[in-house]
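A short worksheet on the structure shown next.
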Amino acid sequence: FLAESNLELSSFSFANLEKANLNNSSFWRANMVGVNLTDSIITWANFREADLLGAELAGATAFNTSFQNAILHSSSLKGANLQACDFSNADLTNADLSETQLAFINLSYANLTDADLSNADFSNPDDDDSFISILKSSGVP
């Protein structure tokens, strides 16, 4: 319901956006402290410089999305499928990235202090078709 939206500088603190479709949306510098994005589909989106402190992104699927300079301190991305995403200069201090698929991501200069990367998978996915079917079911051409 938020696909292709320009929500730059908006405030979504503690909003429940579970299972949201955020394709092609921009949340540049948005205040998203404590937002619930569990199981959301996030492709070609912009979260640059967004404040996602304590956000819940468990089980989310993100493709080619920018989290450059974003604050994800103490956020949960457990079990998320994050492919071709840019987390350069992001603050992932104390973030839960366990059991997360992290293929083709950029973590240059990201702060991963005390982040949980247990069972995270940095390998390329064996079955590209399964990820493509997830994207197509979310309305991505």
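The values are calculated or read from the model by the stated rules, or taken from the named source; none is laboratory data. No experiment lies behind these values; they were computed from the predicted model shown. Here Cβ is always computed from backbone atoms with ideal geometry, including for glycine, and neighbour counts include all displayed protein chains. Ligands, DNA and RNA are excluded from the accessible area calculation, which covers all protein heavy atoms including side chains. Shrake-Rupley method; radii C 1.70, N 1.55, O 1.52, S 1.80 Å.
Quick notes on this one:
- Highlighted here are the strands (runs of 3 or more DSSP E) found entirely within segment 51-112 that include at least 2 residues which are more than 19 Å from Trp28 (Cα to Cα): 81-83, 101-103.
- Residues of segment 18-66 classified as touching an Asp or Glu at 6+ places or on another chain (Cβ under 7 Å) and of a type in the set (Asp, Glu), total: 2
- With respect to (1) among the hydrophobic types (A, V, I, L, M, F, W, C); (2) open to solvent by 40 Å² or more (accessible area, probe 1.4 Å); (3) at negative phi, the lone exception for Phe14 is condition (3).
- Any chance Thr38 is within 23 Å of Ala103 (Cα to Cα), in contact (Cβ under 8 Å) with a residue 60 or more places away in the chain and open to solvent by less than 30 Å² (accessible area, probe 1.4 Å): no
- Residue among Ala58, Ala70, Ala50 that alone is in contact with a Lys or Arg (Cβ under 7 Å, 6 or more places away or on another chain), open to solvent by 10 Å² or more (accessible area, probe 1.4 Å), over 14 Å from Asn23 (Cβ atoms) and of a type in the set (A, V, I, L, M, F, W, C): Ala58
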